[in-house]
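Worksheet: one structure, shown below.
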């Protein structure tokens, strides 16, 4: 069975956040039937950076959860660059969340957030002038400058989680009732060809229930779904 297409990618740093605030965010989103992707500690070493970037590409929305320790992680920053690029292309909605860190510290690389960023850049590139370091800075500054959610306003974690869920549902156009959504990039010619094939199968007087042809037809449909990356998901 194929894993569900993630609707929300959660970008964050730190074991404390994973076991605390982020776990509450993930549970709250899943409770309203929103698919969430979060990297798994158990799969560290299996999940490569490229795998995580691919999951960002597959997502409709991402949460960038900034914290004091966020910039100590190269992966977090690389993920943020991909999120920023996808956002510029109009293919991803990004909501910044400032968890116990001020928006000004993030936008201006001040305080612990800024110190960790400087240490990471020196460790990775040696200089802030490195092109990749500049991309990190642009992604952080751009996303942190967007309207987001902050614990400065919602100081109680449960309230901040509630606001994140509300914003996610609003951005995803989420409806509480189950609905079928089909994501596909299939040419009109393919759709027409499939329709003609279906009509011919069911108009054929020799085709009966239990006929192997129907079994083959089902297999054909399954192949078509897999080959063309049609994803059926229940919201």
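The values are calculated or read from the model by the stated rules, or taken from the named source; none is laboratory data. For clarity, every value in this text was computed on a predicted model and none was experimentally measured. FYI the Cβ positions are ideal-geometry reconstructions off the backbone, even for glycines, and counts take in every protein chain you see.
Checked against (1) touching a helix residue (DSSP H, G or I) at 6+ places or on another chain (Cβ under 9 Å); (2) within 16 Å of residue 168 (Cα to Cα); (3) in a helix (DSSP H, G or I), residue 79 passes all but condition (2). The residues of the range 126-151 that are in contact with a helix residue (DSSP H, G or I) (Cβ under 7 Å, 6 or more places away or on another chain), under 15 Å from residue 67 (Cβ atoms) and part of a loop (DSSP other than H, G, I, E, B) amount to a single one, 151.
Restricting attention to the range 21-34, the residues that are out of contact with any helix residue (DSSP H, G or I) (no Cβ under 8 Å at 6 or more places or on another chain) and outside any helix (DSSP H, G or I) total 1.
Of all residues assigned to the range 59-70, none qualifies as being part of a helix (DSSP H, G or I), more than 16 Å from the chain's Cα centre (by Cα) and at pLDDT below 95.
The test for being part of a loop (DSSP other than H, G, I, E, B) and modelled with pLDDT of 95 or more does not hold for residue 122. Scanning the range 1-12 for residues being surrounded by 19 or more Cβ atoms within 10 Å (Cβ to Cβ) and either at pLDDT below 95 or part of a helix (DSSP H, G or I) (or both) gives a total of 2. Among the residues of the range 152-168, those that are touching a helix residue (DSSP H, G or I) at 6+ places or on another chain (Cβ under 9 Å) and assigned to a helix (DSSP H, G or I) comprise 157, 158, 160, 161, 162, 164, 165, 168.
Of the residues contained in the range 19-41, one or more are found to be assigned by TED's automatic domain parsing to the domain that holds residue 156, in contact with a strand residue (DSSP E or B) (Cβ under 9 Å, 6 or more places away or on another chain), within 20 Å of residue 140 (Cα to Cα) and at pLDDT 95 or above.
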